[in-house]
Amino acid sequence: MNVCGVELTGSDAVLCFLNLDRGQFNLPDSKVRKVTLPKNHSRDDLKQFQESFAGLMADNAVNRVVIKERMQKGKFAGGAVSFKLEAAIQLIGSPDLEVSLVSPAQIKSTLAANPLPIPFVETGLKAFQETAFVTAYVGQMTK
């Protein structure tokens, strides 16, 4: 199964692709590490974001997108734009693409039961992709 872990921060969807094939995890090469919505965006910009994201998932044969859930209120609440991005991703009309949310508590409990097989620094990913990587891993472990 091909999974894309997503962390929504500001107007960016930070991505990490993770494949599980016969018990082996693989990080496929991808030049795209994030998809960004312009700061002063219009309806057309949001549609373009959705189309770009959907095309990227199709190009990478992704079956499942797992988004790290953000708090709706409080000190660590997600911004309005990130919730727009989440909705755009959830509304991608492809029967071949499952989109789900994973809570921080679920991430923590999954990692306690199934620790990461390798330290993040050995993945070769950029530091800003760590949360997306962990989210993708949890998505693979909680099908």
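The table for this structure:
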read-out: Selection status of Phe25, assigned to a helix (DSSP H, G or I) and aromatic (Phe, Trp, Tyr); value: no
read-out: Selection status of Asn114, over 14 Å from Ala13 (Cα atoms) and touching a residue at least 40 places away in the same chain (Cβ under 8 Å); value: no
read-out: Residue selected from the stretch 1-22 under the condition in a strand (DSSP E or B) and among the polar types (S, T, N, Q), by the criterion nearest to Pro119 (Cα to Cα); value: Asn19
read-out: Output for the stretch 1-40, where each listed residue is at pLDDT 95 or above, closer than 20 Å to Gly79 by Cβ and β-branched (Val, Ile, Thr); value: Val6, Val14, Val35, Thr36
read-out: Sole exception among (1) closer than 19 Å to Phe17 by Cβ; (2) touching a helix residue (DSSP H, G or I) at 6+ places or on another chain (Cβ under 8 Å); (3) surrounded by 13 or more Cβ atoms within 10 Å (Cβ to Cβ) for Gln106, by number; value: (1)
read-out: Test: Leu27 is surrounded by 12 or more Cβ atoms within 10 Å (Cβ to Cβ) and either of a type in the set (Phe, Trp, Tyr) or in contact with a helix residue (DSSP H, G or I) (Cβ under 7 Å, 6 or more places away or on another chain) (or both); value: no
read-out: Strands (runs of 3 or more DSSP E) contained in the stretch 32-126 and holding at least 1 residues among the hydroxyl-bearing types (Ser, Thr, Tyr) and under 16 Å from Tyr137 (Cβ atoms); value: 98-102
read-out: Per-region count, the stretch 113-143, residues among the hydroxyl-bearing types (Ser, Thr, Tyr), over 18 Å from Asp29 (Cβ atoms) and at pLDDT below 95; value: 1
read-out: Residue match in the stretch 128-137 (condition: in a helix (DSSP H, G or I), free of Cβ contacts under 8 Å to residues at least 60 places away in the same chain and surrounded by 13 or more Cβ atoms within 10 Å (Cβ to Cβ)); value: yes
read-out: Matching residues in the stretch 91-116 - criterion: being basic (Lys, Arg) and more than 17 Å from the chain's Cα centre (by Cα); value: none
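Conditions (1) at negative phi; (2) touching a Ser or Thr at 6+ places or on another chain (Cβ under 6 Å); (3) at pLDDT 95 or above, marked per residue:
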position: Gln48; (1), (2), (3): yes, no, yes
position: Lys68; (1), (2), (3): yes, yes, yes
position: Gln72; (1), (2), (3): yes, no, no
position: Gly78; (1), (2), (3): yes, no, no
position: Ile107; (1), (2), (3): yes, no, yes
position: Leu111; (1), (2), (3): yes, no, yes
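The values are calculated or read from the model by the stated rules, or taken from the named source; none is laboratory data. In this text the structure is predicted, and so the values were computed from the model without any measurement. Neighbour counts run over all protein chains shown; Cβ positions are idealised from the backbone, glycine included.
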